[in-house]
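Structure record follows, encoded as C-alpha cells.
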Amino acid sequence: MILLNTLLLVIFVLVGVAFLTLFERKVLGYIQIRKGPNKVGFMGILQPFGDAIKLFSKEQVFPLMSNYYSYYLSPVFSLFLSLLLWVCIPMAGFYLHFSFSMLFFLCISSLGVYTIMVAGWSSNSSYSLLGGLRSVAQTISYEVSLALVLLSFLFLIFGLSMVDFLKFQKYSWLLFLSLPLGMIWFVSSLAETNRTPFDFAEGESELVSGFNVEYSSGGFALIFLAEYSSILFMSMLFSVMFLGSSLLSFFFLKLVFLSFAFIWVRGTYPRFRYDKLMNLAWKSFLPISLNFIMFFFGLKFLDFSLFI
C-alpha cells in the first residue's frame, strides 16, 4: 500500500510539474501582453507533453572531457531528491507519516546542493563550474535563513512533525503571528530554488546557463523537472507552515496561489546584484531570524512558567 501511494504521489507531482510549466508560460505571456503557448491541443493544454517528447527524443550528447558517470547521474539524483522531499508531507489516509518530518526536510534539501555542485564540476567546463559555484554559494547562504526560520516555529509548536503545524493553526494562521518571518521564508524559498530575482546561476551573460550549460535533452529535462518540483514543494510547505493547510481548508487553492506568486515575482522584478543577494542573506535575514528565535523561545518559556 505504501509503495502504491508513493508511486501515485510521484506520478501526480510530475503531472503537476508539467502543468506548472504551462501555467508559468501562460501567466508570463499575459503579463507581457501576449498569448503564451496556444497551438498544441486546445489552448496549448498539451504543450507540456509536446515539450517532454521533444526533450527526451533528442540525441543525448556528452562533453568529451567530462567525468561521464557523475555527469549522467547528477540530474537523476537531483530529481530523486526533489521527489523524495514529498514523502514528508502529511497526506490523508494510509501513508508514510513520521514524527521527524521537518528534520527529514532539512536533511534532504541540504543534499540537493551536492547534485548542483557535481553537475557543475563533472562536465569539465569553466562556464558550468562558475555557475555551479555561484549557485552553491547562494543555496547554502539561504539554507541558513530557512533553517533558522524553521527553528523559530519548532520552538513555538514544540514538535518536529508537520502535523503539529496543522494542529497548532486550528483557529489562527501562523502568518498573522509572524508576517516578517513568512516574508523571509518566501524570499529564501525563491533563492533556494534559484528563481528570479535570484537566478544568477543561469542569468548572467558570462555564465551562459549556469551549472547546466553542457546538459541537453534528457539530462536538461531532469534538472528542469527537479527545479519545478522544488517550487511546488516549497509552495506546499509554505501553506502547511503559515496558512494552516489541512486537506479540508482550500489546500490546493493556497498551493496554486503560492505557485502563481513565484511566477508573478518572475514577471515583475528585475534580477538582483550578486553582492546585494549575499548582503540580504547574511546582514538582513540572519539577524532578523535570530531575533525571532529568541522571541519565540522567550514566549514558550513564559508559557511554561505560567503553566507551572
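Taken together, the values in this text are just the output of simple stated rules run on the coordinates, not laboratory data. Predicted, not measured: the structure shown is a model, and the values here were computed from it. All Cβ positions, glycine included, derive from the backbone under ideal geometry; neighbour counts span all protein chains shown.
Can you work out D for the chain in µm² s⁻¹ from Stokes-Einstein, where Rh is the Kirkwood radius over C-alpha pairs, the temperature is 4 °C and the viscosity is 1.567 mPa s?
Roughly 63 µm²/s, to the nearest whole number.
For the cross-link pairs Lys35/Lys254; Lys26/Lys58; Lys26/Lys254; Lys276/Lys300; Lys39/Lys276, which exceed 29 Å when the distance is taken from alpha carbon to alpha carbon? Walk me through the intermediate numbers first.
Working: Lys35/Lys254 25 Å; Lys26/Lys58 25 Å; Lys26/Lys254 19 Å; Lys276/Lys300 34 Å; Lys39/Lys276 41 Å.
Exceeds cut-off: Lys276/Lys300; Lys39/Lys276.
Most exposed first by the Cβ proxy, i.e. fewest other Cβ within 10 Å, how do Leu22, Leu111 rank?
Leu111, Leu22
Of Leu150, Pro180, Leu129, whose Cα points farthest to the positive end of the dipole of segment 2-307 (charges on the beta-carbon: +1 Lys, Arg; -1 Asp, Glu; origin at the Cα centre)?
Of the options given, the answer is Pro180.
Using Cα centres only, tell me the gap between segment 249-263 and segment 4-35 in whole Å.
Taking the Cα centre of segment 4-35 as reference, the centre of segment 249-263 is 12 Å away.
Please list, by residue number, everything in segment 106-140 whose backbone N is under 20 Å from a paramagnetic label point 7 Å out along Cα→Cβ of Tyr68.
Flagged as within label range: 118-125.
Which one of Phe77, Phe285, Phe158 has the biggest mean-square fluctuation once the chain is modelled by GNM with Cα springs under 10 Å?
Among Phe77, Phe285, Phe158, the largest mean-square fluctuation in the Gaussian network model of the chain belongs to Phe158.
Among Ile231, Ile2, which comes first, second and so on when ranked by fewest other beta-carbon atoms within 10 Å? Intermediate values should be presented prior to the final figure.
On the way: Ile231 23, Ile2 10.
Fewest to most other Cβ atoms nearby, the residues stand as Ile2, Ile231.
With label points built 7 Å along Cα→Cβ from the Cα atoms of Leu290 and Ala147, find their separation and express it in nm.
A separation of 1.5 nm, rounded to one decimal place.
Roughly how big is segment 2-307's charge dipole about its Cα centre, with Cβ charges of +1 (Lys, Arg) and -1 (Asp, Glu), in debye to the nearest 20?
Taking the Cα centre of segment 2-307 as origin, the dipole is about 700 debye.
Taking a ≥ b ≥ c as the square roots of the Cα gyration tensor eigenvalues, with a/c under 1.5 meaning rounded and otherwise prolate when a/b beats b/c, else oblate, which class fits segment 1-140?
Taking the square roots of the gyration eigenvalues as a ≥ b ≥ c, segment 1-140 is oblate.
At what distance in nm do the modelled label points of Trp173 and Ser305 sit from each other, each positioned 7 Å from its Cα along Cα→Cβ?
3.3
What order do you get for Trp282, Trp185, Trp86 when you list them from fewest to most C-beta neighbours inside 10 Å?
Listed from fewest to most nearby Cβ atoms, that is Trp282, Trp86, Trp185.
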